[in-house]
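*Asks:* The structure is given below, and queries will be raised subsequently.
Where a number appears in this text, it was derived from the coordinates with a stated rule and is not lab data. Predicted model, so just to flag it, every value in this text is computed and none were measured. Cβ atoms come from the backbone with ideal geometry, glycine included; neighbour counts cover every protein chain shown.
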Amino acid sequence: MSWFALALLLGQEPSDGPRLQACADIEVPACELPSDLTKSEIEFRLADGHQAFWAERDVFHVVARRSERPRLCCSIQTPMNPAEGAPDLWSLAVRMPDLDRAMLDVWLLPAAAGAPDEWRGPEAPPPPAELELEEGELVQHVMQSSALGQRRGLFIYRPRSDGPMPVIYLADEESVPSFASVLKPLIESGEVPATMIVGLWSGPLLEEGEASDPNRRHKEYLAGWDDEVYLARERFLLSEVMPLAERLRASRVPSERILAGFSDGAAWALNTAMVNPDVFRGVIAMSFGSRPDRRARGSGYGSIYLTAGVYEPDFHQSTVDAAEALEGSADAVRLDVGIAGHSQMLWRERFPHAVRWHLAGRSDPVP
């Protein structure tokens, strides 16, 4: 889920959404410990700020000053606990294995705006290299879709090249600038050829005052939620988005077409490729957590890269299961597991590795 999509959560009540299990003898990737911080200790950590976080051995602590109970998002998703005798102070203690190698985002909801803070353990992978995009490389495009019967937005990253060039069709348009900025160093260094990213907006472009459907993303990306919407989205990609991209010099060669996405978008990318293996021979599925499309061919797939974080147990297990199930049915399957949660930090860090694996045939070791 992108930060834009997560903004839909900002008005939720604290009781909504998942909660961590309490730590016990059961083995879990991350669990909640009773926080023994006093009011004065929390105030000392906060100083003049509204939140603070730190690690002590295998325990990650978060404290906050808020008038209402906040939820921690998104690597770890759980409500915080009130401090004794201080209705505006909150704390949380989470035991996490391999914390020294972890990368975590820290976002307290409801939030006014902005992106989460980031924390990296001393042995965590460094942030990916990035380059600023030049004017003209990133273009927003609006089209009236016949398949969907509404206006849709595209975000297209097109590096300067005569083409035709490999193309990545990405589930969430608003993530194109972030992913393009970490793809560009690979292109500039010659590690991968010039590669286009075409991001598809999830949902229609709304006029002022129009309300969005909170389940629209599920309906468009997840097989079985709403067949009419799901199939219309597929027609939109095949009959409208791809011809536009190819007029901009995107490759028509199936081995140079990659479908990519995270969370619900990972399900869309993998299932669409499994239904259309003659059209798409590459997949980047990050934090896959859905059932297969019943129309999937069963074999004859191209190259499939999967990643998930150990702190997102359901998505992690679904991704591992998918990798095992696809062995022997695809040209190649690569599974990279990160010490992370359901987070853009993981997806953005893994994206360059995935593109390099697909387009340069390199299987770099991933921490």
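*Asks:* If you line up the Cα atoms of the stretch 278-329 on their principal axes, what length do they span on each, largest first, in Å?
*Replies:* For the stretch 278-329, the Cα spread along each principal axis is 35, 20, 17 Å.
*Asks:* Now, a different point. Quick one: Karplus J couplings for the stretch 139-144, per residue in order, coefficients 6.51, -1.76, 1.60, θ = phi - 60°, nearest Hz, x for Gly and Pro?
*Replies:* 10, 8, 10, 10, 9, 8
*Asks:* With Cα extents along the principal axes in Å in mind, check [x] 77, 46, 45; [y] 70, 47, 39; [z] 64, 49, 42 and report the label derived from this structure.
*Replies:* Among [x] 77, 46, 45; [y] 70, 47, 39; [z] 64, 49, 42, the one calculated here is [z].
*Asks:* Something else: Just want the ordering: TRP225, TRP119, TRP107, TRP54, from fewest to most Cβ atoms lying within 10 Å of their own Cβ. Write down the numbers at each step before the final one.
*Replies:* Working: TRP225 16, TRP119 19, TRP107 23, TRP54 11.
With the fewest neighbours first, TRP225, TRP119, TRP107, TRP54 line up as TRP54, TRP225, TRP119, TRP107.
*Asks:* How many nm is it between the label spots at LEU33 and GLU135, if each spot is 7 Å from the Cα in line with the beta carbon?
*Replies:* 5.4
*Asks:* If each of GLU41 and MET143 carries a label point 7 Å out from its Cα toward its Cβ, how far apart are those two points in nm?
*Replies:* Between GLU41 and MET143, the simple spin-label model gives 5.7 nm.
*Asks:* Please compute the contact order of the chain in relative form: average sequence separation of alpha-carbon pairs under 8 Å and at least six residues apart, divided by the residue count, as a percent. Spell out each step's value before the answer.
*Replies:* Values: 774 pairs, mean separation 51.7, N = 367.
Reported relative contact order: 14 percent.
*Asks:* Given a Förster radius of 25 Å and the C-beta distance between ARG19 and ASP227 as r, what FRET efficiency does 1/(1 + (r/R0)^6) yield to the nearest 0.05?
*Replies:* Efficiency, from the Cβ-Cβ distance: 0.20.
*Asks:* Further question on the same structure: Quick one: helix 227-236 against the long Cα principal axis of the chain, what's the angle to the nearest 10°, folded into 0 to 90?
*Replies:* 60
*Asks:* Once phi is turned into ³J(HN,Hα) by the Karplus curve 6.51 cos²θ - 1.76 cosθ + 1.60 with θ = phi - 60°, what whole-Hz value does each residue of the stretch 306-313 show in order, with x for glycine and proline?
*Replies:* 10, 8, 7, x, 5, 8, 10, x
*Asks:* Another one. Starting from the Cα of SER255, move 7 Å in the Cα-to-Cβ direction to define the label point; list residues of the stretch 151-181 whose amide nitrogen is under 19 Å from there.
*Replies:* 163-169
*Asks:* Here is a follow-up. Let a ≥ b ≥ c be the square roots of the eigenvalues of the Cα gyration tensor of the stretch 68-113; is it rounded (a/c under 1.5), or, if not, prolate (a/b larger than b/c) or oblate? Working shown, then result.
*Replies:* Numbers: a/c = 3.16, a/b = 1.49, b/c = 2.11.
Here the stretch 68-113 falls in the oblate category.
*Asks:* If you don't mind, another one. With θ set to phi - 60° and the Karplus curve 6.51 cos²θ - 1.76 cosθ + 1.60, what are the ³J(HN,Hα) couplings of the stretch 118-128 in order, to the nearest whole Hz, using x for Gly and Pro?
*Replies:* Per residue, the Karplus-derived 3J(HN,Hα) values read 10, 10, 10, x, x, 10, 6, x, x, x, x Hz.
*Asks:* Pull out a ≥ b ≥ c, the square roots of the eigenvalues of the alpha-carbon gyration tensor of the stretch 94-225, then state rounded if a/c is under 1.5, prolate if not and a/b is larger than b/c, and oblate in the remaining case. Don't skip to the answer; put the middle values down first.
*Replies:* Details: a/c = 2.09, a/b = 1.14, b/c = 1.84.
Oblate is the answer for the stretch 94-225, as a/c is 1.5 or above yet b/c matches or exceeds a/b.
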